[in-house]
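Dropping a structure here in structure tokens format, bear with me for questions.
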Amino acid sequence: MTTTETKTSDGTGNGVRSVERAFEVLEVLARNGGALSLAEIAAATARPAPSVHRLVRTLVGLGYVRQEASRRYALAPGLIRLGDSAAKQYGTWANPVLAGLVDEIGESANMATLQGAEALYVAQVAGRHAMRMFTEVGRRVPLHCTGVGKALLVQLPEREVEQLLDLTGMPAATEQTITDPGVLLQELAAGRARGYLTEEGEREVGVSCVSVPIPGAPTLTALSFSGPTPRMTPEVVRRAAAVLQTAARTLTEHFTAERTTGS
């Protein structure tokens, strides 16, 4: 067979297999710390080494993979441009959802994704109050001391959480910051059981957040409300959590429908 347009792994026959395999290489690199040897890539993808070598060299030429001095292959900066553009589009699409959240609760609504070992804000709609929280879209923040960060971590296996915390450390931003991995893991477990996470003055004094994960999103994603701590009373937090959970379910249904229809 001379053409690369064949059935993809889902059997639809609507894909180009060489493209599918190239993305498989990128995803394998991303899941394994960003750098692997050619043999390791071949083993992880269950592809012949010569075939993997051709794919990798093509990706190197395009600027999406680079070869290190050790001869290992690593994700290259060319992917950052694509990722940032995709994140902006993702955030723009989410703005109407966030606006609806603000209408219901009044506080600033945010959406963030996991980018490496940080949370990246991809969308925000400011609250209605004169004193309100504002987060610049594109800002990256730590995972261990932010509401959205915790809602991202809660979606990962405990071992991956520990690896991320080992990588970044848990520096104290305020006196309220959790700096003990064991304590944070307990909080994540409690939040997973409860269905939402909270953060009170751990990143910025006087600011509190309530957040939820969005299961089924194209990338690990979280929604949150943030506001001045005096306004984020237990009652407001409970109401905000319920509104966020409803929005997350709606978004999950949307993503599931997109994957089903291929739109």
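The values are calculated or read from the model by the stated rules, or taken from the named source; none is laboratory data. Worth saying up front: this structure is predicted, and the values here are computed from it rather than measured. Ideal geometry is used to build each Cβ from the backbone, glycine not excepted, and the neighbour counts take in all protein chains shown.
Taking only segment 202-218 into account, find how many residues are within 23 Å of Thr233 (Cβ to Cβ) and either aliphatic (A, V, I, L, M) or in a helix (DSSP H, G or I) (or both).
From segment 202-218, those within 23 Å of Thr233 (Cβ to Cβ) are 202-212; that's our starting set.
Within this subset, residues satisfying the condition of being either aliphatic (A, V, I, L, M) or in a helix (DSSP H, G or I) (or both) are 205, 207, 210, 212.
Qualifying residue count for the region: 4.
Also: Condition test on Gly33, is it within 30 Å of Arg159 (Cα to Cα), loosely packed, with under 15 Cβ neighbours inside 10 Å and either at pLDDT below 75 or not basic (Lys, Arg) (or both)? Steps first, answer last, please.
Numbers: within 30 Å of Arg159 (Cα to Cα): yes; loosely packed, with under 15 Cβ neighbours inside 10 Å: yes; either at pLDDT below 75 or not basic (Lys, Arg) (or both): yes.
When the stated conditions are applied, Gly33 passes them.
Test Gly127 against the stated conditions and say whether it is crowded, with 22+ Cβ neighbours inside 10 Å and more than 27 Å from Arg31 (Cβ to Cβ). Break it down into steps so the answer makes sense when it comes.
Details: crowded, with 22+ Cβ neighbours inside 10 Å: yes; more than 27 Å from Arg31 (Cβ to Cβ): yes.
Criteria met by Gly127.
Which of the numbered conditions does Leu101 fail, given that it passes all the others? Conditions: (1) surrounded by fewer than 17 Cβ atoms within 10 Å (Cβ to Cβ); (2) in the same structural domain as Val212 (by TED's automatic domain parsing).
Status for Leu101: all satisfied but (1).
Of the residues Val161, Val141, Val102, which is in contact (Cβ under 8 Å) with a residue 12 or more places away in the chain and within 16 Å of Ala248 (Cα to Cα)? Explain how you work it out, then say what you get.
Values: Val161 fails: within 16 Å of Ala248 (Cα to Cα); Val141 fails: within 16 Å of Ala248 (Cα to Cα).
So the residue among Val161, Val141, Val102 that is in contact (Cβ under 8 Å) with a residue 12 or more places away in the chain and within 16 Å of Ala248 (Cα to Cα) is Val102.
Same structure, new question: For segment 114-201, please list each of the helices (runs of 4 or more DSSP H) lying entirely inside it that holds at least 2 residues being at pLDDT below 95 and over 23 Å from Ala99 (Cβ atoms).
Numbers: elements: 147-153, 158-168, 181-194.
In segment 114-201, the matching helices (runs of 4 or more DSSP H) lie at 158-168.
Which of the residues spanning segment 41-66 are touching a residue at least 24 places away in the same chain (Cβ under 8 Å), touching a Leu at 6+ places or on another chain (Cβ under 8 Å) and not in a loop (DSSP other than H, G, I, E, B)?
Ile41, Val52, Val56, Leu59, Val65 - these are the residues of segment 41-66 that are touching a residue at least 24 places away in the same chain (Cβ under 8 Å), touching a Leu at 6+ places or on another chain (Cβ under 8 Å) and not in a loop (DSSP other than H, G, I, E, B).
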